[in-house]
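One structure below.
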Amino acid sequence: MTDNNDCVGPDARNCDEAMERLYEYLEEEMGDATAEGIRSHLDDCGGCHDSFDFERRLKVVVRERLSEEVPEPFLSKLRNALEEEAARH
């Protein structure tokens, strides 16, 4: 499962688990002991850490974009389009 050149040898299984559970880790949806194991692996494995860092930064960008306000002219056009569509049915 690993496609990372840094994830080879006996630790590759740890890389697979770390990457499979990355989103759980980012969302803090796992127990402390499991999170500590993942954190330890990320500290020791440059390839997995790079993947983690990318996903962490991506999550921040997505959250920021989702929190932006939608301009009122767009909302008005959307409401009108929805009302017109509803009136057709």
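Values quoted throughout were computed directly from the atomic coordinates according to the rules given, and no laboratory measurement underlies them. Predicted model, so just to flag it, every value in this text is computed and none were measured.
Just a few scattered comments:
- For Kirkwood radius over Cα pairs in Å, the candidate list reads (1) 14.0; (2) 16.0; (3) 13.6; the entry that matches the value derived from this model is (2).
- Between residue 72 and residue 21, full extension at 0.36 nm per residue minus the direct alpha carbon distance yields a gain of 14.4 nm.
- Cα-based helix-to-principal-axis angle, 46-66 vs the chain, degrees rounded to 10: 20 degrees
- Rounded to 10°, Cα long-axis angle of helix 32-44 versus longest principal axis of the chain: 70 degrees
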